[in-house]
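A.B. asks: So that we are looking at the same thing, I have put the structure below in C-alpha cells.
Bear in mind these aren't lab numbers, they're just calculated from the coordinates by the rules spelled out. Just so it is clear, the structure is predicted and the values come from calculations on it, not from any experiment. Here the Cβ is made from the backbone with ideal geometry for all residues, glycine too, and neighbour counts use every protein chain on show.
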Amino acid sequence: MKIAFVSSEVFPFSKTGGLADISSSLPKEIAKLGHEVIVFSPKYYTVDEKKYNLEFQDWIGAMPIRISEKINNVYVHKGFLQNSNVQIYIIDFPPFFHRELYYTNDIDEADRFILFSKAVIELIQRINWKPDIIHCNDWQTGLIPLLIKDNYNWDKLFHQTATVFTIHNIGYQGKFGIETLGKAEIRKDYFYNFAEVEHAGDVNFMKAGISFADVINTVSETYSKELLTKEFSHGLDYILQYRSHDFYGILNGVDYEIWNPETDKLLKQNYNFETIEKKIENKKELLKQFNLPFSPDVPVIGIVSRMAIQKGFDLIANSLDYLSKLNFQWIVLGNGEKYYEEMFQSFSNFRPDKAACYIGYNDELSHLIEASADMFLMPSHYEPCGLNQIYSLKYGTVPIVRKTGGLADTVQDWDEMKNLGKETGDGFSFNDYNGFGLTDAVERAIGYFHDKKVWNKIIANGMKRNYSWTFSAEKYIELYQKAKSNRS
C-alpha cells in the first residue's frame, strides 16, 4: 500500500510531545513491513534545512493555496526520516509557521492548519502520487478527510483513497468560529442543524475528522473505551458512539533504536538488566549536574512532562507538603502552565538538597533522567497512551502512574499482581484521582526500593516488556485495510 502520513510535528524536525516520536517511529515501521510511506509536516522556524539535509523542491515552485479567497504561495522541502529511507515533505510558509510556538492562540490559528491541510493534498497532486491511505493525526489534520471527500472529489486521483484519523488527545480539538467555514471553503450544510463539523456552536476540526474519516482510532485500548464516556470525551462521546463500529484502540509503540539503555549515546553509562548495577553511574551524573547530594539509599523520582492538570500536576501541588517529607529526591523536566513551573522552581530553591527542575525541553536530559531515576512519576488525570512510562520500563526505572488510558494498559501494579498470586508487577498505580491515591503509590514504591530482592524483580519484569512498534504497526496495516474496505 501507499500511505501518506500527515502530522503537525515529527521528530527530530519538530517536537512538543509524544506525537512527534510516534510520527517518526510508526512510518518507519510500516515501511519495514513493505509499504510505501511518505510523511508530511509543516516547516517551523526550528527546522534547520542544512542540519537535516532538506532539499528545496524548486521543480514544484510556489504552490498557490487559497484561504478566504486569498492566495498564499507555499514552498516545499524534502528530506528523510532519521535513520531511514522514508521520505518527508516539509510544507514551508513562514508567515504561518515561523513563530515562537508551534501551536498558538493567535487569531489565525485555524488558517494555519487549513493551509497545511490543503497544501498536503495539493502537493500529493503535484507529485502525482496516488495514496491508498491518508493517515491524519489530531485536530490539525482533521479537515483532510472532509476535503478529500468533498472539495477535492473532482480529482480521480483520490477516488480510491481512504482516510484514517488518529486521536492522540481529544482534549485539544481545534475549535473556531463559524467564519472558518468560508476560510476552508466548507459547505454550510456540514455545520447547521448539529451537522458533521459543528460542536457547541463552533467549527470543530476534531469532530470533522471523526465524522468523515473512513476509520478512526486512538492510541490505547483503555483510552478508546474511556472516550465513549462523558468523563473523558470532552463532549464528543456522542459522535464517537455513533462511529463506534469504525473506532479502534491501538497501543502506541516505542522506537528501541532510540530508547534503549544498552545503546543510548546520551547516557553517561550504558547498561542492561545483566549489568543493572551500572545504572547508578547515570544517577551520580544526573545529581552532579543539578548539585544534589548522592546517596545510594535515597531514591530519585523523575518527571518529564508537560506541566498541566491533565498530567496530574494539580494532584502533585495538593500533595506537595506531604510528599516533601518523604525520603526521596525530585528531578523535574518540562514546561507548561506558569503556576506549576513556578511551584517547582520555588520548591527547588527552598530545598536545593532535595529537588531540582529544568523548565523547557531538553532531549538529552530526558534520556538521562530516564536512565538515572529510580522511579518515574506520571499521575495523569487522563493519558491517551503515554510513552515515558514505557521508556521507564525499558530503562529499569519503576513507573508510578494513575490507572487510566495507556498507563493502565502498560503498567502492572506490583501489589495488585501479588494479590492475584503473580509476581508480574512492574510498577505502582492508583485508581482514584486524589492525593491519597498518589501518596500511597509513592510510599509503596519507596518501601519496596529498600527491599532489593523485590525491587530487582520489579525492575526485571519491566525491562522484559516489549512495546516495540512491530506489533502495533501490524495492527495499523489491518486498520488501513478496514479503511479501504469502508471506502469502496
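A.B. asks: Identify, among A355, F436, H381, the residue whose Cα sits farthest towards the positive end of the charge dipole of segment 318-443, taking +1 on the Cβ of Lys and Arg and -1 on the Cβ of Asp and Glu, with the dipole about the Cα centre.
C.D. replies: The listed residue farthest towards the positive side: A355.
A.B. asks: Please work out the Cα center distance from segment 263-286 to segment 155-214, rounded to the nearest Å.
C.D. replies: 47
A.B. asks: Same structure, new question: Extending each Cα 7 Å along its Cβ direction at N486 and N456, get the distance between those two points in nm, one decimal.
C.D. replies: 5.0
A.B. asks: Could you please report the charge total around E185, scoring K, R as +1 and D, E as -1 over all other residues with beta-carbon less than 14 angstrom from its beta-carbon? Numbers along the way, then the final one.
C.D. replies: Numbers: positive: R66, K70, K118, K149, K183, R187, K188; negative: E69, D111, E122, D150, E179, D189.
Result for the neighbourhood of E185: +1.
A.B. asks: Another question about this same structure. Nothing charged except the Cβ atoms of Lys and Arg (+1) and of Asp and Glu (-1): what's the magnitude of the dipole of the chain about its Cα centre? Round to the nearest 20 debye.
C.D. replies: Once rounded to the nearest 20, the dipole reads 600 debye.
A.B. asks: Tell me the chymotrypsin sites (Phe, Trp or Tyr not before Pro) within segment 177-212 that lie in a loop according to DSSP and have at most 12 other beta-carbon atoms within 10 Å.
C.D. replies: Y192, F194
A.B. asks: Give the residues of segment 244-263 whose amide nitrogen is closer than 12 Å to a point set 7 Å from the Cα of T470 in the direction of its Cβ.
C.D. replies: Label zone hits: 256.
A.B. asks: Would you tally the net charge around T104, using a Cβ to Cβ cut-off of less than 15 Å, leaving T104 out, and scoring K and R as +1, D and E as -1?
C.D. replies: Its environment carries a net charge of -3.
A.B. asks: Let me ask something additional. Kirkwood Rh, segment 273-466, all Cα pairs: how many Å?
C.D. replies: Result for segment 273-466, one decimal place: 16.4 Å.
A.B. asks: Sorted from fewest to most neighbouring beta carbons within 10 Å, what does the list I30, I359, I186 look like? Write out the running numbers ahead of the final one.
C.D. replies: On the way: I30 25, I359 17, I186 21.
The most exposed by this proxy come first: I359, I186, I30.
A.B. asks: Calculate the length of the line joining the C-alpha centroid of segment 347-391 to that of segment 1-46, in whole Å.
C.D. replies: 25
A.B. asks: Please state, as a whole number in µm²/s, the translational diffusion coefficient that the Stokes-Einstein equation yields for segment 405-488 at 4 °C and 1.567 mPa s, with Rh defined as the Kirkwood radius across alpha carbon pairs. Please list the in-between numbers first.
C.D. replies: On the way: Rh = 15.2 Å.
In µm²/s, the coefficient is 85.
A.B. asks: When the C-alpha atoms of the chain are aligned to their principal axes, what extent does each axis show, in angstrom, from largest down?
C.D. replies: So the three principal-axis extents are 68, 48, 42 Å.
A.B. asks: Which trypsin sites (Lys or Arg not before Pro) in segment 68-102 sit in a loop by DSSP (not H, G, I, E or B) and have at most 14 other Cβ atoms within 10 Å of their own Cβ?
C.D. replies: Listed in order of number, the matching sites are R99.
A.B. asks: For segment 6-62, rounded, prolate or oblate, judged on the Cα gyration tensor with a ≥ b ≥ c (square roots of eigenvalues), a/c < 1.5 rounded, else prolate if a/b > b/c?
C.D. replies: The shape class here is oblate.
A.B. asks: Tell me what the chain gives for mean residue ellipticity at 222 nm when only DSSP H runs of n ≥ 4 count, each as -39,500 (n - 2.57), the sum divided by the residue total, rounded to 500 deg cm²/dmol.
C.D. replies: Taken over the chain, the calculation gives -11000 deg cm²/dmol.
A.B. asks: Follow-up question, since we're still on this one. Within the set of other residues whose C-beta is less than 15 Å from the C-beta of K32, count the net charge using Lys and Arg as +1 and Asp and Glu as -1.
C.D. replies: Here the count lands on -3.
A.B. asks: Rounded to the nearest Å, what's the spacing between the alpha carbon centres of segment 455-487 and segment 415-429? Just the number, please.
C.D. replies: So the separation of the two Cα centres works out to 22 Å.
A.B. asks: Just flag the GluC sites (Glu not before Pro) in segment 360-429 sitting in loop per DSSP whose Cβ has no more than 15 other Cβ atoms within 10 Å.
C.D. replies: Here the GluC sites (Glu not before Pro) that fit, given the DSSP loop and packing criteria, are E423.
A.B. asks: Rounded, prolate or oblate: which fits segment 33-169 when a ≥ b ≥ c are the square roots of the eigenvalues of the alpha-carbon gyration tensor, with rounded for a/c under 1.5 and prolate only if a/b beats b/c? Working shown, then result.
C.D. replies: Working: a/c = 1.32, a/b = 1.06, b/c = 1.24.
Since a/c stays below 1.5, the shape of segment 33-169 is classed as rounded.
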